[in-house]
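One structure is given below, encoded as structure tokens.
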Amino acid sequence: MNTEKHIKTLIIKKPLKLDCGKTIKNFPIAYETYGSLNPKKDNAILVFHALTGDQFVTGINPITNKDGWWSYAVGPDKAIDTNKYFVICSNVLGGCMGSYGPSHIDPSNQNIFGTNFPVITINDMVNAQYNLLDHFGIDKLFSIAGGSMGGMQVLQFISNFPDKSETVIPIATTSSHSAQNIAFNELGRQAITADSDWKNGNYDKNNTIPGKGLAVARMAAHITYLSKKGLQEKFGRKLQEREDLKFGFDADFQIESYLRYQGSVFVERFDANSYLYITRAMDYFDLAKQFKGNLSDAFINSKAKFFIISFTSDWLYPTQENKEIVIALNSAGADVGFVEIKSDKGHDSFLLDVPDFLYALKNFLDKSYTEKKNEE
Amino acid sequence: MKNEFKVIADLIEIDKKVLDVGCADGVLMKFLKNNKNANIRGLEISKEKVQECIAKGLTVIEGNAEKDLKQFPDKSFDYVVLSQTLQAFLNPELVLDELLRVGKKAIVTIPNFGYWKVRFHLLFKGTMPITKTLPDEWYNTPNLHMCTIKDFFHFVKSKDIKIFKSLALNNLSTSLINSGNLGIKNLFADLGIFLIEK
């Protein structure tokens, strides 16, 4: 697979001091853009991807040949309208779609980093991505948006750079990773590291990879992205291409077959070590802790307009955790709106065709943009 | 826009920070934003109404006034508006306290159960009154704690809440209420509007 020609990269020459204490420099950040930057450079939206996403937000992902992860929301005439806005998204630090990560070569010994790659945080990710603004000559973004881990980056970004975005859209996210979510991530990591092909992270990506462990990690995580009701309605106890139970351990049920499929396709596109690193970054995320336990201090200097969105059936990043962000923003006196969208599609709702969500997102962006233009 | 909203808007100076509790589809919010340059927020329980507000470019938080007012810091708004919903809460006293905690001033409007048409309806028909401001049947009304202008006037006084202005509305006519004309106003107004502070 020749991936290089599809991937745009920006080499960050400036040293970046990571939260773990190490400093990196001359490292690549892979990115993609959609739409065009207007002459005033005030129509840019920086989109942040979730755990297993990448820079290919919409259209056909040239690496996987599948639809981009936010194709429902981003594109011409869609909620994030690329006829109007210039959308930028980059692969996170630690990722496996071209940005600096554990599958890169360690300059000190010419070996693949593996677990010698420094542990990164959400803060490190956004500090690396901030360089994209300079690259495009953008003084202030029109918006920053993202769901799940993308939402964590949104919150961290506006906290680090309070005057760098007009509007801020954290979706289905949290300001502090919960014990339950750390637990699920640990389950995934244990599945990977228990695979004998993981070899302490020193597997050869082009040869044998810890595919079984990574697939189990994905299967477990995938369940957390759905809702009980959604699963029951889609699969129930339906059997997989058979009349009756087979009294064995093949996939009798459609849900089993579905999960196995999800696991197997994931292994083809995602790197196991990146999975370890990115889940770690999520677990370490605790924005309130960065401000001595007072979350509202994270937003105290921001004049931005915030819009928080949660989903009724999301039990991974439930409404209550999203509301805590709203409460902190109110305490900080920020301009904040909030809506909980009714959906049976669980945490994944933000990635799917959920009309009420897309309608709210579009209205918020377009009305804010018109208002901004009227004020000029 | 209904007359009630015009009267409310007249009580609010320009450039103020205002919270509209139970803002519905945002008609009052939009008016205050456009005509009073208000820095306006809404709190609304209905998802559909929240969507309508977003579509109008208004900043709204989906939430329930009985539970979600507590997220706002003390005196974080110049005015908090509550239009015709105090009687629909499980605990109106608690909501009133919250309004006065969050707002430097509060504007509360109440459908008047002492209005003569309401009294006549109950007296002569012997069934629960249905009027323009009380349109629902007894079995499907959201109203739990109906009161009269007189009740509210006394209640507010008993809580040491300062009344800056109290107005009686009947269709398009608006008049001031004071302790001298309270009985008359309580009979002829279908809506009471109170500007209060604690």
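A few remarks follow.
- Of all residues making up segment A:347-365, the number that are in contact (Cβ under 8 Å) with a residue 24 or more places away in the chain and within 7 Å of chain B (Cβ to nearest Cβ): 3
- Filtered residues of segment A:254-271 (kept if farther than 14 Å from residue A:220 by Cβ, surrounded by 16 or more Cβ atoms within 10 Å (Cβ to Cβ) and free of Cβ contacts under 8 Å to residues at least 24 places away in the same chain): A:254, A:257
- Within segment A:322-346, considering residues that are in contact (Cβ under 8 Å) with a residue 60 or more places away in the chain and at the interface with chain B (Cβ under 10 Å from one of its Cβ atoms), the one nearest to residue B:62 (Cα to Cα): A:324
- Scanning segment A:39-84 for residues that are within 19 Å of the chain's Cα centre (by Cα), of a type outside the set (A, V, I, L, M, F, W, C) and not in a loop (DSSP other than H, G, I, E, B) yields A:67, A:75.
- Flag for residue B:50 being touching a helix residue (DSSP H, G or I) at 6+ places or on another chain (Cβ under 6 Å) and among the β-branched types (Val, Ile, Thr): no
Conditions (1) within 14 Å of chain A (Cβ to nearest Cβ); (2) buried (at least 17 other Cβ atoms within 10 Å of the Cβ), marked per residue:
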site: B:22; (1), (2): no, yes
site: B:39; (1), (2): yes, no
site: B:50; (1), (2): yes, yes
site: B:105; (1), (2): no, yes
site: B:108; (1), (2): no, yes
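- Restricting attention to segment B:83-103, the residues being buried (at least 20 other Cβ atoms within 10 Å of the Cβ) and either within 25 Å of residue A:309 (Cα to Cα) or within 14 Å of chain A (Cβ to nearest Cβ) (or both) number 3.
- Some residue of segment A:285-303 being over 22 Å from the mean Cα position of the chain (by Cα), crowded, with 21+ Cβ neighbours inside 10 Å, hydroxyl-bearing (Ser, Thr, Tyr) and away from chain B (no Cβ under 11 Å): yes
- Among the residues of segment B:52-65, those that are farther than 22 Å from residue B:14 by Cβ and either crowded, with 16+ Cβ neighbours inside 10 Å or facing chain A (nearest Cβ under 7 Å) (or both) comprise B:52, B:54, B:55, B:61, B:62, B:63, B:65.
- Single match in A:68, A:59, A:101 (criterion: assigned by TED's automatic domain parsing to the domain that holds residue A:316, on the phi > 0 side of the Ramachandran plot and touching an Asp or Glu at 6+ places or on another chain (Cβ under 9 Å)): A:59
- Residue ID - surrounded by the fewest Cβ atoms within 10 Å (Cβ to Cβ), chosen from residues in segment A:114-129 that are outside any helix (DSSP H, G or I) and under 16 Å from the mean Cα position of the chain (by Cα): A:121
- For residue B:29, the conditions (1) more than 26 Å from residue A:360 (Cα to Cα); (2) more than 9 Å from chain A (Cβ to nearest Cβ) are fulfilled apart from (1).
- The one condition in (1) outside any loop (DSSP other than H, G, I, E, B); (2) over 21 Å from the mean Cα position of the chain (by Cα) that residue A:10 fails to fulfil: (2)
- Among residues of segment B:120-156, those that are part of a helix (DSSP H, G or I) and under 21 Å from residue B:175 (Cα atoms), counted: 8
- Residue A:368 at pLDDT 95 or above, in a helix (DSSP H, G or I) and either closer than 26 Å to residue A:163 by Cβ or within 14 Å of another protein chain (Cβ to nearest Cβ) (or both): yes
- Every residue from segment A:312-321 that is within 12 Å of chain B (Cβ to nearest Cβ) and in a loop (DSSP other than H, G, I, E, B): A:312
- The residues in segment B:66-77 that are crowded, with 16+ Cβ neighbours inside 10 Å and either over 16 Å from the mean Cα position of the chain (by Cα) or within 11 Å of chain A (Cβ to nearest Cβ) (or both) can be counted, and the count is 6.
The values are calculated or read from the model by the stated rules, or taken from the named source; none is laboratory data. Worth saying up front: this structure is predicted, and the values here are computed from it rather than measured. Using ideal geometry, Cβ is built from the backbone for each residue, glycine included, and neighbour counts are taken over all protein chains shown.
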